[in-house]
1. Figure the gain on full extension for Arg245 and Lys200 (residue separation times 0.36 nm, minus the Cα-Cα span) and round it to one decimal in nm.
2. Dividing the alpha-carbon Rg of region 186-227 by 2.2 N^0.38 Å yields what?
3. Counting other beta carbons within 10 Å of each residue's own, what order do Phe161, Phe208 fall into, fewest first?
4. With a point put 7 Å past each Cα toward its Cβ, work out how far Lys236 is from Asp214 in nm, to one decimal.
5. Provide the percentage of antiparallel DSSP beta bridges, counting only those with both residues in the chain; round to the nearest 5.
6. Report, in whole Å, the centroid distance computed from the Cα atoms of region 193-213 and region 47-125.
7. Once every DSSP H run of n ≥ 4 in the chain is given -39500 (n - 2.57) and the sum is divided by its residues, what mean residue ellipticity at 222 nm do you get, rounded to the nearest 500 deg cm²/dmol?
8. Straight-line reach only, C-alpha to C-alpha below 12 angstrom: list the aspartates and glutamates that Lys237 could link to, leaving out same-chain residues fewer than 8 apart.
Amino acid sequence: MDTFTSQLPLPVTLPTDETFESIIDKGNQEVVTLLKDVATGMPQWRDEPRLVSLASLHLPLVTLQGGSGVGKSHLLYALCHQLATQQVNHIYINLNQHAQWSLDIFDGLENLSLICLDNIHAVAGITAWEEALFDLFNRVIENPGALVVGSSQLGPSHPKFVLPDLRSRLAWGVIYHLNTLDDDSRKDVLRLRASQRGLKLSEQALQFLLYHSDRDLRSLLGLLERLDTRSLQEQKKLSVAMVKRELGLP
């Protein structure tokens, strides 16, 4: 996967191929349109007529909710890529990696235009992190220029969140439930990503790949990345036989 080091307050590497242009938004058009409007309206997003509903929230928080592999992180990456090109102050934090950081990672973030918090559910049940997140949300409320866009596999009322005040704050925002892509949409995503890599993915190879591997999108894209590497190493075109070799199938 090609990567670049984004110009964010926290050093982080985001996948370059996960942009708005590479999103297949079937079933999720509303939230994709919203996030594009957010990007267009930055940094003065409160003045954007299409974002009046966000501006009216007591806590300006958009949460993308859904299971693994439905595209939550892709949308956050795409938003950050767009803001990087516009030189808008923002940050992306993957809370799956919270064990690597101290709680002061949230200090001062309310002064940014956009705060992207991926995998909020990862800190559910960890009191110190829940309190730090609650404090950040309170500071965002006091700073009307900041907007938070997060993702979570859990809803705000889920019992894994132990701090009642945090559950309350999470519910103050707007929640978008992402729909799982159907098989035709998964195929469209794989064709698009293969094309971006310069790979020609035949219908036979596509069918085999889809029905002989994990079906969540993140796993499928990881497999496509490995096939790209194998194709370069073997100097061969992507084929059903190559997919079988990568999957260890006879």
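Quick note: the coordinates plus some simple rules give every number you see, no bench work behind them. Values in this document were obtained by computation on a predicted structure and should not be read as measured data. Cβ placement follows ideal geometry from the backbone for every residue including glycine, while neighbour counts extend to all protein chains displayed.
1. Value of the extension gain: 14.4 nm.
2. Values: Rg = 9.0 Å, N = 42, 2.2 N^0.38 = 9.1 Å.
Relative to the 2.2 N^0.38 Å estimate, region 186-227 comes out at 0.99.
3. Working: Phe161 24, Phe208 19.
In increasing order of surrounding Cβ atoms, one gets Phe208, Phe161.
4. Simple spin-label model gives 2.5 nm for this pair.
5. On the way: 3 of 21 bridges.
Expressed as a percentage, antiparallel bridges in the chain total about 15.
6. If we compute the Cα centre of each part, the gap is 31 Å.
7. Roughly -13000 deg cm²/dmol at 222 nm, from the helical runs in the chain.
8. Candidates past the 8-residue exclusion: Asp228.
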